[in-house]
Amino acid sequence: MDIRESDETQELYVRIAASDVSSPTTTEYGSRKNKQMSIVIMLSTLGLVVICVIFALYVAWRKRKLPCKTILVSLQDHEDNYTNESLNSDKEMLPFSLSIIAKSTNNFSPNNKLGEGGFGPVYKGVLEDGWDEKMLIYEYMANKSLDLFIFDESGSFMLDWPLCFGIINGIARGLLYLHQDSRLRIIHRDLKAANILLDNDMNPKISDFGLARWLSGYETEANTNKVVGTHGYISPEYALHGLFSVKSDVFSFGVLVLEIVSGKKNRGFSKQEHHDTLTGHAWRLHNEGKSLELVGSHLRYSFVDFQVVRIVHIALLCVQHHADDRPTMSSVVLMLGNENSLPPPKQPAFFTKDKLLEFTPSSSVPALDSVGELTITHLNAR
């Protein structure tokens, strides 16, 4: 402390540490910084609230604009695909009534027609809410898929032989259309029970063309270096060499027919005493004159003997090892519709379980033919 005197005044000087004194400049800077931070936080909070409100209003608007109630359908694929692509079990699909579709396409006006492919005409439609979406619209199938009937105990007892015989005929005619009557020759490549849909009257419809390929001109077969399909339904020439043709679908059809008759899956089937696959077991019974023993419990009291024997015989012709030995679908349809004599079937492919396990898809098969890829939009979950 220091006191200094002048003529008229006294001045008092007190010495303190510099750290105990804050500069006005620093204080003002800190105050401004705090104010700026508060403003930023306040504006950020306000912006977040505004975004949440806008999003909530948008969701509410979309819900009001839905043309119909959204339903969730659980789809289960009990088969193993060699593509190793797993699908979500829950699929969200919007059902549209015929009136909505007709209104959106101006009653299927020719002016709205964009073109026509192997599966029918394609129309441009505008929904009332203005949605922009590409859709593949299927007829609603009230009875779902065939596998739920033939492989499930609760569903299998709803079947009888006349119904199964009609389903087999319907599938055969559907394949005939794809192979011969369609503008394009289409190879389905994944024909199986899960891909056969049933309408209200249990009429079969072949579905899921996601793996299908089409052949142009006079092509009858093609090669691929990527084997796709479902274990148990794939023909040997396709599985081992990547070669597919209409005879590949014929093989799958034969397996499917044996599954319908027996109520058993070809995949995983094994007879203890012979280690036969389903196709091998059916062939052994046929050669022993015991084809009726193949009939499953779901058809035990309704089947017609000679029809079952003939159906099994036709199925065995379809699953013969060599593609050239198998009939075309036009021949199959004729055989199903008459009682003419049939040639004896040769040993089927994958006769025993051991033979089936030898199947290893080729990963280096050269693509010798140029084919077109048929692409289908999947509604994920659509």
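Readers should treat all values here as calculations from the given coordinates under stated rules, not as data from a laboratory. Just so we're clear, the structure is a prediction, and the values are computed from it rather than from any experiment. No Cβ is skipped: glycine too gets one built from the backbone with ideal geometry, and neighbour counts run over all protein chains shown.
Points worth noting:
- Over 21 Å between alpha carbons, listed pairs Lys144/Lys290; Lys144/Lys264; Lys124/Lys144: Lys144/Lys290; Lys124/Lys144
- Here the simple spin-label model places points 7 Å from the Cα toward Cβ, and for Val40 and Trp61 these points are separated by 3.3 nm.
- A Förster radius of 35 Å, combined with the Cβ-Cβ distance separating Ser270 from Leu163, puts the computed FRET efficiency at roughly 0.80.
- For the stretch 147-373: rounded, prolate or oblate by the Cα gyration tensor [a/c cutoff 1.5]: prolate
- Extension gain, Lys346 back to Phe108 (0.36 nm per residue minus Cα-Cα distance, nm): 80.6 nm
- Two-site label geometry, Val126 and Tyr301: point separation in nm, points 7 Å out along Cα→Cβ: 6.0
- By the count of other C-beta atoms within 10 Å, a proxy for reagent exposure, Glu5, Glu221 are ordered fewest to most as Glu5, Glu221.
- Burial ordering of Cys52, Cys318, fewest other beta-carbon atoms within 10 Å first: Cys52, Cys318
- Contour minus Cα-Cα distance for Asn287 and Ile54 (0.36 nm per residue): 76.6 nm
- Near Met158: Cβ cut-off under 15 Å, other residues only, Lys/Arg at +1 and Asp/Glu at -1. The net charge is -4.
- At an R0 of 25 angstrom, the distance between the Cβ atoms of Glu153 and Lys205 translates into a FRET efficiency of 0.55.
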